[in-house]
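Reading through the structure tokens given below for one structure.
The values are calculated or read from the model by the stated rules, or taken from the named source; none is laboratory data. Just so it is clear, the structure is predicted and the values come from calculations on it, not from any experiment. To get the accessible areas, we keep the full protein, side chains included, count just its heavy atoms, and leave off ligands, DNA and RNA. Shrake-Rupley method; radii C 1.70, N 1.55, O 1.52, S 1.80 Å.
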Amino acid sequence: MAYNEILVDRLREALVDTPNVEEKKMFRGVTFMVNDKMCICVSGENLLCRIGPDKAAEMAETNGCTLMVMKGRVMKDFVYVSPEGFNSQKDLDKWVNLCLTFNSTAKASPKKKKKTA
């Protein structure tokens, strides 16, 4: 599935002054890792935002935002945001700031050990 390249560029610009940002291909798109932790992602036409369980529950009540469900299980830290939720730069900045705020306290996923032959 293709992802929105224009949205990826908008996120690159929004994160240009953020230290320790790395891009990875995952979640059917491009994920922006900050300090080795998943922060925000372009998945198809949507944003996938890691904002923590409290903010996720709160923001799921807003227009264009839904909780992330994977294999029938709600992923408590994550929400999907459809384009109507980030059309304006002000709205996109809001989501980026929510993600960066949570990222500062989020735990990194454990590193996977590489298999040896």
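Of note:
- Computed per residue of the chain from DSSP H runs no shorter than four, each worth -39500 (n - 2.57), the mean residue ellipticity at 222 nm is -8000 deg cm²/dmol.
- Residues in the chain average 64 Å² of solvent-accessible surface per residue, probe 1.4 Å, ligands and nucleic acids excluded.
- Percent RCO, i.e. relative contact order, over the range 1-116, from Cα pairs under 8 Å lying at least 6 residues apart: 22 percent
- Measuring nothing but protein heavy atoms, the accessible surface of the range 3-45 at 1.4 Å probe radius is 48 percent carbon and sulfur.
- Karplus 3J(HN,Hα) series, Hz, for the range 75-83 with 6.51 cos²θ - 1.76 cosθ + 1.60 (x for Gly, Pro): 8, 4, 8, 10, 9, 9, 10, 7, x
- Shape of the range 46-105, Cα gyration tensor, a/c cut at 1.5: oblate
- For the range 2-103, pairs of C-alpha atoms spaced more than 24 angstrom apart make up 12 percent of the total.
- Shown in residue order for the range 57-71 are the 3J(HN,Hα) couplings computed by the Karplus curve 6.51 cos²θ - 1.76 cosθ + 1.60 at θ = phi - 60°: 5, 5, 6, 4, 7, 8, 4, x, 10, 9, 5, 7, 10, 10, 6 Hz (x for Gly and Pro).
- Applying a threshold of 19 Å to the alpha-carbon distances of LYS37/LYS90; LYS24/LYS76; LYS24/LYS55; LYS55/LYS76 flags LYS37/LYS90; LYS24/LYS76; LYS24/LYS55 as lying beyond it.
- For MET26, distant residues with modelled amide H under 5 Å away: THR31
- Gain on full stretching of the segment that runs from SER104 to SER82 - 0.36 nm per residue minus C-alpha separation: 5.5 nm
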